[in-house]
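The values are calculated or read from the model by the stated rules, or taken from the named source; none is laboratory data. All values reported here derive from a predicted model rather than from experimental measurement. So basically every Cβ, Gly included, is an ideal-geometry build from the backbone, and we count neighbours across all protein chains shown. For accessibility, only protein heavy atoms count, side chains too; no ligands or nucleic acids. Shrake-Rupley method; radii C 1.70, N 1.55, O 1.52, S 1.80 Å.
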Amino acid sequence: MNEIAPIRFCPLCGNKVEEREAFGAIRPVCPACSYIHFQDPKVAAGVLVQSEGKVLLVRRINVPMQGKWTLPAGFVDGQEDPRSTAVRECLEETGLEVEIVDLVDVLYGLEHQRGASIVIFYRGRIVGGELSAGDDADAVAFFDADNLPPLGFQATEQVLARWVSERADSSDCG
Ligand SMILES: [Zn+2]
């Protein structure tokens, strides 16, 4: 697992920070203005959207995982409800408008340096829009459980593995 790169300069006053003990850990502390840098988790949110027994996936344009397929997802903005993030990212990447039905899972684990360490997945129901790849996706499609494309990110793999096994347990999902 990659570590997030440490900060070197104070985001408030621009002075060089020092590593000091603060609140029970070694943290970057600004000697000029006393700012203490707490490394907050980066959070992403996405949707699991199913239609006629198939799951909605997007193909990534960007590194990492370029060319791999993932669930529609993206970073939560600082002031954004993660539900809104999931709805917004789905619209941007797939052209489909969804509403949030319920929570699927909250996953923890940083997969790469510029990624999220917490990913929230909701179940989404399509309420409008037209299928069209956009933003950081160059293709979008629905896939059967037994015919999934090459997947990117463990978070997507974990959610889809559970989706596949739940489908195997139940015959009445649609
Ligand atoms: Zn400072």
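If we scan region 61-71, do we find a residue that is in a strand (DSSP E or B) and open to solvent by less than 70 Å² (accessible area, probe 1.4 Å)?
For region 61-71, residues in a strand (DSSP E or B) and open to solvent by less than 70 Å² (accessible area, probe 1.4 Å): present.
Taken over region 91-117, residues that are under 23 Å from P41 (Cβ atoms) and either in a strand (DSSP E or B) or of a type outside the set (D, E, K, R) (or both) amount to 15. Only a single criterion out of (1) more than 17 Å from the chain's Cα centre (by Cα); (2) under 18 Å from W163 (Cβ atoms) is not satisfied by F9, namely (2). Considering region 32-47, and only residues there that are part of a loop (DSSP other than H, G, I, E, B) and more than 16 Å from the ligand (Cβ to nearest atom), the residue that is farthest from V119 (Cα to Cα) turns out to be Q39. Would you be able to say whether some residue in region 13-27 is touching a His at 6+ places or on another chain (Cβ under 7 Å), within 16 Å of the ligand (Cβ to nearest atom) and not in a loop (DSSP other than H, G, I, E, B)? Among the residues of region 13-27, at least one is touching a His at 6+ places or on another chain (Cβ under 7 Å), within 16 Å of the ligand (Cβ to nearest atom) and not in a loop (DSSP other than H, G, I, E, B), which makes the answer yes. Does D144 meet the test of being free of Cβ contacts under 8 Å to residues at least 40 places away in the same chain and loosely packed, with under 14 Cβ neighbours inside 10 Å? When the stated conditions are applied, D144 does not pass them. The criterion of being part of a strand (DSSP E or B), within 30 Å of W163 (Cβ to Cβ) and among the polar types (S, T, N, Q) holds for Q50. Of all residues in region 118-174, those satisfying the criterion of being over 17 Å from the mean Cα position of the chain (by Cα) and assigned to a strand (DSSP E or B) are R125, I126, V127, G128, G129, D138, A139, A141, F142, F143. Among the residues making up region 48-86, those that are farther than 17 Å from P149 by Cβ and within 9 Å of the chain's Cα centre (by Cα) are G74, F75, V76, A86. Taking region 83-105 as the range and being of a type outside the set (A, V, I, L, M, F, W, C) and surrounded by 22 or more Cβ atoms within 10 Å (Cβ to Cβ) as the test, the residues that pass are T85, E89, E93, T94. Residue-level analysis places R167 among those that are open to solvent by 60 Å² or more (accessible area, probe 1.4 Å), farther than 20 Å from R83 by Cα and modelled with pLDDT under 85. On inspection, E111 qualifies as closer than 30 Å to L131 by Cα, surrounded by 12 or more Cβ atoms within 10 Å (Cβ to Cβ) and touching a residue at least 40 places away in the same chain (Cβ under 8 Å).
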